[in-house]
C-alpha cells in the first residue's frame, strides 16, 4: 500500500485512528499539525468543558500527549510529525507543542516544530486560503 501524507487538520482524529485501529500503522508518512491541543486535561477546568463534559479518563484517552497514545505512535516511527505554531499563539499552544515534540522525539519519532512569524492560531488557519501566505508555503514544504 502506498504511503500517503496527512493533509488535513484532524490531528486528534488521525492520532486516535492510528492508535486505536487494529492495524496501528496507517499508510501515512508525514503531515503538518497546526497549533494543536495535545493535552486535553487543562480544558476540563475551562468553560469549554461545560459543553464537552470531558472526564479525567476521557481527557487522557483522547489526548495525543498521553503516555498511552505516545506509546502507540512509537509503534510507527516512520511517520513524521511536523508541528506548526504561530508566533502569537497563546503560551499554552507553545508549551503543548514543545511537550508533544519532546515526547515524540524521546520515543525516536521524527518530529519538528516551526514557529510562523506574525501569526496566531486563527491567522494561521485563515491564511491557508491564500496560496502565497506564510502558512500555505510552510505546509507545502512539509507535504512535498
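Read-outs: derived from the displayed coordinates by stated rules, not from any lab. What you see is a predicted model, and the numbers here were worked out from it, not measured in a lab. Glycine gets a Cβ as well: all are built from the backbone with ideal geometry, and neighbour counts include every protein chain shown.
A few notes on this one:
- Protection-proxy order for peptides 93-100, 75-82, each taking the mean of Cβ atoms within 10 Å per residue, highest first: 93-100, 75-82
- Spin-label pair residue 44-residue 56: with each label point 7 Å from Cα along the Cα-Cβ axis, the two points sit 0.6 nm from one another.
- Gyration tensor (alpha-carbon) shape descriptor, the stretch 93-144, a/c threshold 1.5: oblate
- Across all directions, the average flat footprint of the convex hull enclosing the Cα atoms of the stretch 33-144 is 7.5 nm².
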